[in-house]
Each structure stands twice: as structure tokens, then as C-alpha cells.
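Here the structure is laid out as C-alpha cells; the discussion comes afterwards.
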Amino acid sequence: MKYTAKEVLQFTRENDVKFIRLAFSDIYGALRNLSIMPTELEKAFNQGIVFDATAISGFGRTASSLVLKPDPTTLSILPWRPTQGRVIRMFCHIYHEDGTPFSGDFRRQLVSAIDELASYGLHASIGLECEFYLFELDDKGYATTTPHDRAGYFDIAPRDRGENVRRDICLTLETMGLLPETSHHERGPGQHEISLKYVSPLDAADQFLTFKSVVKMVAERNGLHASFMPKPLKAEHGNGMHINLSLYRSNENLYNANTSQQVHAFTQGILGKLPELSLFTNPLTNSYARLRAQLSKKLVEPDERSWLRLLTGHGDASRIELRSPDPSLNPYIVFTLMLRAGMAALEAAGENDQPINAEMRAKALDLIPTTLKGAIQIAEQSSFLSKTIPYIFLEDYFDVKRNECMLVEESTDHYVQEISHYFDTSIT
């Protein structure tokens, strides 16, 4: 159900809501929130809530104070909080104190990209398949790198010890309005995958951040640690996040027949920009440990080396599947870049646009960077990125990522450094 501000105020009064979390993402994809009391909710809708932006990653250079205004359509009850004195959460848009939109609000940028796509008479839906590991805790309650089980792909209990945890995750997601479709044990020991139903790109981005927080919360409730780190175990399979995208004109899925010039151009636009997108689809040094391993025939079959696949079926089953991203990404930025890459190709579309073929995929594969440093170098030269993301945020992002590269390069053991830096963070 999509609420209005008036309905949220009424819901709060009638359902013993005592705390409201105003949620947003920093530039790196970490979920942040500020809690307010019910007495402040009407003010939040009308004027917004001012917060100190100086300590938020990527925000401090542009403003010392910013304003959060909740989006009432994103109202969700946090089911792990008490039923008496409920806690609800809404995602927010971000403004300057003078009321102008904050350019680092990438959720708003995604809304703009969706609106622009609509001007072509098109809309997209996105379904996500997200992998994660469950690890044991030590006697002090801290995360270890010992997997919760030794099961493999599609195994069942008792070998699969995470069956009840996945069930708990899916039921919790359902109570929050998300629609998990499938869940199973993945290839790695203690590794799992849950797929989410196709929704609009904005809802998909909001739901991805909700999904990660639910997985971590449920894991903790079961005495475990959930990790979305791209490759937390050196010798095992990494965590990917496959992004499935369907493109529609009215109610017609253009990927069903795959004969539309628009769909060919849109798909080629995304494929052609994959090297430039890599810094955001795979934003950690550890991301490239996963990508390099995935390119090895020792770990995967050759046909799984394609980063973008066209899959045809019925309804939303007809789609492109982008396989290179991992769960450490910022979904608002990545979905915006995908839509804008597709639209840039629509602008330049010609009569000779052809369906994606093996030669095109192979060319894109050869250009995908295999290190974070390589991804930075490509991104720095990208006019597409500089037109899409305000340069002041790109500059900060480059600096942070260069520092991550330096920390790993200067360490005596790259894997140990990555575990220290990435294993238990708000992003992974």
C-alpha cells in the first residue's frame, strides 16, 4: 500500500508508533537513519528535519547541514521492534536548508532517470538476485570467517543449516511489503541466495537496502553474522547481485520478442558502458577478487562468464541479466547509470542496431577492469559519468577508492587487509 502524508500521520496515531526512522543512503550505499518522535512527524513532512551532514560520507564538502523529508509512500513497520511502541521507517529525499534539492541525493537522481525514460514511452522493472554468507560468531559475539555450514548448491537440511534462517528472512521481508520469490543454498559453504520480485527501479533500490538490513538483523537474531562482502572466503565462490531488467512500452515487455530497435539500442547502451560502470557496480578492491575468480574456468562454466545475458520467456521472465555487480554497490547510483546508459543509446539509435551477440559480449568482457585501480582509471576518463554524477561527488569517491587501493597494495597480505577493511561494515 502506498500511503500519503495524511495517512501516515493517522497510521502513527492509531498504531502506537513511538519512533519514526528517516532513512537515506550515503554515496557508498550505506543505509543511514535519523529517528524522530511522533510529535515531529508533521514537521518532517512540511519542513523537513535538519541534520549535521559533515560526518556523512560524501556529504560534508557540499553542506554542513541538510534536511530530510520522508517519502510517505515508503512507510514500513520494523517487525523486529516491539509491537507496543512501534517503530516505522520511511526513505527520504534530501534538501538544502533553503529548500533546494541536494545534488548528492541519488535517490532523487534515480527518480529523474525514471521520469526521463517515461518520455520515451518506456518504463523498466527490476528484479534482484542477491547472495550472502552466514558466518559463526565467536564466544564474545564477534563475527568470524567460519561458515555456518558446509552445504553446497541447492542442498537441503540437515546439511543446509541456513534453511530456517532463510525462511525467517523471507517472512520478515513479506511483513515489510517486499516480495521474495525464491531462496536456496548457494555454492559456497554457508552461502545463500534470495531473489526479489520485479518492481520499479526506485522500489528495487529501496528494497535492496531494506533486504540487506533484514538479512543482517535476522542473522544476528539467530546468533550469526551475515556478510555481503564480494569475496569473503578466498578459495570459495563470491557474492554477486544479479540485476534483471525488463523494458516495457505500455504493458508490452519488449524483451519478449526482442525485435524492437529500442530494446536493441537500450541493451547495447548498457553493455557498452559496463567498463565505465564498474567502479560503481563493483566498488571495492575485494570486488575484483570475485570478478577475477569468476573469469577462471576452475570456478565456473565458460557460459557463465558473460556479464550480460538476454533471457526470454513470458512476462517479466524476458529480460537482460547483468551479472557482474556485487552487493556492495549503491543501488540508486547503479540503477540510474543503467537507465541513462540505455537512454543515451536510444538517442543515438540507428537502423543498424542489432541484438546483442557473442562478439559484443566478448568485447565487453575484454574491457571490464580486473582491479579497482583499473576501474578508477576508466571512470576518471568517462564523459558519461561526469555528465551523470556531480563532479564534486565523483572527486570524493575517486579519493576514497584510491586510498582503499593503497591500503591493500601496501599490505603484506591483501586478503587479510580486505577482511579487516570490508568484512564487517555498514555496506558489506
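The values are calculated or read from the model by the stated rules, or taken from the named source; none is laboratory data. Please read these numbers as outputs of a predicted model, since none were measured by experiment. No Cβ is skipped: glycine too gets one built from the backbone with ideal geometry, and neighbour counts run over all protein chains shown.
Tabulated values for the structure
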quantity	calculated
Cβ pairs under 7 Å, 6+ apart, first in region 267-292 and in contact (Cβ under 8 Å) with a residue 12 or more places away in the chain and aromatic (Phe, Trp, Tyr), second crowded, with 24+ Cβ neighbours inside 10 Å and not in a helix (DSSP H, G or I)	PHE280/LEU329; PHE280/ASN330; TYR288/ASN282
Those residues of region 150-177 which are without any contact (Cβ under 8 Å) to a residue 60 or more places away in the chain and either among the polar types (S, T, N, Q) or in contact with a Lys or Arg (Cβ under 8 Å, 6 or more places away or on another chain) (or both), in sequence order	ARG150, ALA151, GLY152, TYR153, ARG159, ASN164, ASP168
Residue that is surrounded by the most Cβ atoms within 10 Å (Cβ to Cβ) [pool: residues in region 9-27 that are within 26 Å of the chain's Cα centre (by Cα) and of a type in the set (Val, Ile, Thr)]	ILE20
LYS2 vs. criteria part of a loop (DSSP other than H, G, I, E, B) and either basic (Lys, Arg) or outside the structural domain of ASP326 (by TED's automatic domain parsing) (or both)	yes
Strands (runs of 3 or more DSSP E) lying entirely in region 62-179 (those with 2 or more residues that are outside the structural domain of GLU236 (by TED's automatic domain parsing), surrounded by 13 or more Cβ atoms within 10 Å (Cβ to Cβ) and basic (Lys, Arg))	86-95
Residue in region 94-117 that is at negative phi, touching a Lys or Arg at 6+ places or on another chain (Cβ under 9 Å) and hydroxyl-bearing (Ser, Thr, Tyr) present	yes
Residues within region 1-33 that are within 26 Å of PRO283 (Cα to Cα) and aliphatic (A, V, I, L, M), tallied	5
Flag if ILE36 is surrounded by 19 or more Cβ atoms within 10 Å (Cβ to Cβ) and in contact with a helix residue (DSSP H, G or I) (Cβ under 7 Å, 6 or more places away or on another chain)	no
Residue list for region 308-323, filter: out of contact with any helix residue (DSSP H, G or I) (no Cβ under 6 Å at 6 or more places or on another chain) and either at pLDDT below 70 or in a loop (DSSP other than H, G, I, E, B) (or both)	THR312, GLY313, HIS314, GLY315, ASP316, ARG323
ALA235 in the same structural domain as ILE368 (by TED's automatic domain parsing), small (Gly, Ala, Ser) and either crowded, with 20+ Cβ neighbours inside 10 Å or in a helix (DSSP H, G or I) (or both)	no
